[in-house]
Amino acid sequence: MIKVLWICMVLVLALPFGVRAQPLDGDALWSLQARPNARLGLAFPGADPQFYPLMSQAGLGVVRVTANWGRISPQRGQWNFSGLDRRVRALGDLGIDAFITFESTADWATQQGQPVKNATPNDMAEWAQFVATVVERYDGDGQGDMPRLRRPVRYYQAANEFMSPTNRSGGWAGTHAELLTYINTAHDAVKSADRRAVFVLGGIAAFNMDIALLDAGLARFEVRQSWSARSQTVFDPRDLDNPVIRDLIENRFKQIITRARYDMADVHLYGPESRDGARLAYMRQLSRRPVLSSECGGPSLDYGGQYSGQAHYAAVLERNLETLAAGASFCLWFGLGEGITATYGNRRVQLYDRQEREKPGVHAYRLLARLIDDRTEVTRLGADAFVLRTGSDRVCIATHGRGHGALALACGADAPALCVTNAQDQRTSAGDLRNLPQFCPEDGVVIAGSGLSQRLAVLDE
């Protein structure tokens, strides 16, 4: 034993003082395997479960689907759960948690002529019965559960994007008072069926959230949304004095957030990623509750930006890390494949293209799934830069050149680093943070850290 210890000491002393870690293998970034991660997720995977394994392989552990009143109960007293059962079962079989958003679209049970998915119920008792029946089917208590339910549903949501009376993604065409009753009725019905469930208030659209920041004096920027290459809505700050806008801000936005019953608030994150921190912080301050994002995506085409594989890869990293750094549970990326209904500005954010080929953001998700677990703390270092701490391990990430300079202080100048120079063509370069400018351009995405090699190692089956 003494001889063995002596040999080890000699070997250690023989190493040159200040030796640097060997550069990382850039090819590892493009061959990563991943398992479902409860801190990463997706909204709207489509109705065909044959594609759902793509999400588990990307490391996505929470997936948002809808429970549509009209499809589940086409007539009073009739119930058909086959479509929702198929989706929830397929997700559970893959180890993915479902996040259910209710839609009140039953013609027999709601006010006619409202062009929204949150139509006003004729009878709130019938709305409560629908919500409670859905929750009871997926709560996993052994009573009235869906056959072969593997993973009870934890998250439920009502009143998606409730600010606008014409928003076809959700909306609300009734009165403010009716909206409050609608939300509180859904909350109470969820809790009556499953006290453990988390009830999430319908998400605030990014366009509306940015207007709220302007109104609160927390930002000074332009707010816009594109409908086509030649048509867009641009919000003029002078419109804050418009009586209709003031009514929506004071009597819908603020009143619902402060008076409704719910467990978590929700902000949809589109447009410039740099706005996410302020959006989430203001929502947390106003609601006095934890936050999440049931929709997020990028790169946005609303503000003159263009899609590129590099921008897609960077957007997945920055949007998710900014959300986690703000203390949010997760953000759910918008769409598995291109072709789903989307605004013009968000038509390229999905993870797969129209030919069902994976886009660079899929690789970014696999990377995040390997770097983040339930112990990982994410901290924002500055513009476009983050540090991920898991125990004693630190990994630093910068999505653009503005964040490059902050990495050495957080992870050490000698930390080995990879620079993604072209995510579309899967090109990387390697070195350490000390000589970063020599191998990484300004638009390069940097991943660095002394424990990075182990995190990128092949998963045990």
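The values are calculated or read from the model by the stated rules, or taken from the named source; none is laboratory data. Quick caveat, the model's predicted, so the values are computed rather than measured. Virtual Cβ from ideal backbone geometry, glycine too; neighbours counted across all protein chains shown. In case anyone asks, the SASA skips ligands and DNA or RNA and just uses the protein heavy atoms, side chains included. Shrake-Rupley method; radii C 1.70, N 1.55, O 1.52, S 1.80 Å.
Brief remarks on what is shown
- Computed extension length for Asn122-Asn251: 44.2 nm, one decimal, from 0.36 nm per residue of separation with the Cα-Cα distance subtracted.
- In nm, spacing of pseudo-spin labels at Asp425 and Asp374 (7 Å Cα→C-beta vector): 4.3 nm
- Compactness of the chain is given as radius of gyration and Dmax, 23.8, 87 Å, from Cα positions.
- Distance in nm between pseudo-label sites at Asp393 and Val234 (7 Å out along the Cβ direction from Cα): 4.7 nm
- The range 101-108 - phi-based ³J(HN,Hα) in whole Hz, Karplus 6.51/-1.76/1.60, Gly and Pro as x: 9, 7, 10, 9, 10, 5, 4, 6
- Ellipticity estimate at 222 nm from DSSP helix runs (n ≥ 4, -39,500 (n - 2.57)) divided over the chain, nearest 500: -9000 deg cm²/dmol
- Sulfur and carbon atoms: percent of accessible area, the chain [1.4 Å]: 50 percent
- Under 5 Å from the amide H of Asn122 lie the amide H atoms of Thr110, Gln111, each residue being 5 or more positions distant or on a separate chain, with H modelled from the backbone and absent for Pro and chain starts.
- Residues whose placed amide H lies under 5 Å from that of Leu42, excluding near-sequence neighbours: Val62, Val63, Arg64, Trp333
- When the charge dipole of the chain is built from unit charges on Cβ atoms (+1 for Lys and Arg, -1 for Asp and Glu) and taken about the Cα centre, the candidate among Phe81, Ala229, Thr110 whose Cα reaches farthest toward its positive end is Phe81.
- When Rg and Dmax are taken over the Cα atoms of the range 412-461, they come to 11.8, 38 Å.
- Averaged per residue, the chain has 44 square angstrom of accessible surface, using a 1.4 angstrom probe with ligands and nucleic acids left out.
- Extension gain from Gln111 to Gln78, taking 0.36 nm per residue of separation minus the Cα-Cα distance: 10.0 nm
- In sequence order, the range 174-191 has phi-based couplings of x, 7, 4, 5, 5, 4, 4, 5, 4, 5, 5, 5, 5, 4, 5, 5, 4, 5 Hz under the Karplus curve 6.51 cos²θ - 1.76 cosθ + 1.60, θ = phi - 60°, and Gly or Pro positions carry x.
- Between helix 82-93 and the chain: long-axis angle, C-alpha atoms, 0 to 90°, nearest 10: 20 degrees
- Full extension of the segment from Gln129 to Ala281, taken as 0.36 nm per residue of separation minus the current Cα-Cα distance, would add 51.2 nm.
- Computed from backbone phi, the HN-Hα couplings of the range 249-263 come to 5, 7, 9, 10, 4, 5, 5, 5, 5, 8, 10, 6, 9, 6, 9 Hz, rounded to whole numbers (Karplus: 6.51 cos²θ - 1.76 cosθ + 1.60, θ = phi - 60°; Gly and Pro given as x).
- Nonlocal amide H pairs with Gly271, under 5 Å, H built at 1.01 Å: Ser300
- For the chain, the longest principal axis of the alpha carbon atoms and the long axis of helix 124-138 meet at an angle near 40°.
- Basic side chains Lys and Arg get +1 at the Cβ, acidic Asp and Glu get -1 at the Cβ, and with that the dipole of the chain about its Cα centre reaches some 480 debye.
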